[in-house]
Each structure stands twice: as structure tokens, then as C-alpha cells.
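See structure below.
The values are calculated or read from the model by the stated rules, or taken from the named source; none is laboratory data. Worth saying up front: this structure is predicted, and the values here are computed from it rather than measured. Glycine also receives a Cβ, built like all others from the backbone with ideal geometry; neighbour counts cover every protein chain displayed.
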Amino acid sequence: MKRMLVLLALFVPTANALAEMSAADKRVADQIIKTCRDVYKHKRPCPCPYDIQKNDELCSVNSAYDKKHPGTFCERTDVKPEEILAYKQMNESFITARCTPK
């Protein structure tokens, strides 16, 4: 029972942080996701599972996101509040530093 309460306590702040995201921050998160996917696609074909490969198939488990590659944003929950702030402050330099595949 104690383990369940500890696990629940770990996930509640994450859910609350997402629920507290303002409409403007949601738009910025969506922009970060779109821009990062575009930057990533210049070097590699599959940043997210729902992207399409060159052979017209879904990337699915072949995506960088499923392989836990750093710098891939595919969902709003991937974008942290400090990353939204960094994007607002630095814009292009944030994208270049964070989203370019290594």
C-alpha cells in the first residue's frame, strides 16, 4: 500500500504541471515539438513514432523517440516548463542546441 502511495505521489506533480500549463505555453510547447521534429528530419528520418519513413511506413519503434534519443520532443509532456522559458528567451539558439541529432 505504501509503495502505491509513493508512486501516486510521484506522478501527481507531473499531471498538475501539465494541467497548469497556460494556453500560451501549450502553443510554445507545440512550436518546440514542430520545430524540433523539422530540424531532426534534416539529419534523420524518424524523430517520432507517428512520422512516416521514406518507404511510406510509420516509423513506430524505429523512431528516435522510442529509442530514447535525447533531443526528441513528440508530446507536450516531453517539454518541461524550463524548456518553454528557454525557448521564449533564446528561440533559435535553444532549438539548435537541444534538437539537433548527435
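Table for the structure above
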{"item": "Matching residues in the range 66-80 - criterion: being assigned to a loop (DSSP other than H, G, I, E, B) and either on the phi < 0 side of the Ramachandran plot or more than 10 Å from the chain's Cα centre (by Cα) (or both)", "result": "Asp66, Lys67, Lys68, His69, Pro70, Thr72, Phe73, Cys74, Glu75, Val79, Lys80"}
{"item": "Selection within the range 30-65 - touching a residue at least 12 places away in the same chain (Cβ under 8 Å) and outside any helix (DSSP H, G or I)", "result": "Arg44, Pro45, Cys46, Pro47, Cys48, Pro49, Tyr50, Asp51, Cys59, Ser63, Ala64, Tyr65"}
{"item": "Leading residue by the ranking (modelled with the highest pLDDT) among those in the range 57-102 that are surrounded by 14 or more Cβ atoms within 10 Å (Cβ to Cβ) and in contact with a His (Cβ under 9 Å, 6 or more places away or on another chain)", "result": "Ser63"}
{"item": "Selection count where residues are touching a Leu at 6+ places or on another chain (Cβ under 8 Å) and hydrophobic (A, V, I, L, M, F, W, C), scope the range 34-78", "result": "1"}
{"item": "So Arg27, is it of a type in the set (D, E, K, R), closer than 26 Å to Glu82 by Cα and surrounded by 15 or more Cβ atoms within 10 Å (Cβ to Cβ)", "result": "no"}
{"item": "Of all residues making up the range 70-93, the number that are more than 15 Å from Cys46 (Cα to Cα) and either of a type in the set (A, V, I, L, M) or without any contact (Cβ under 8 Å) to a residue 40 or more places away in the chain (or both)", "result": "11"}
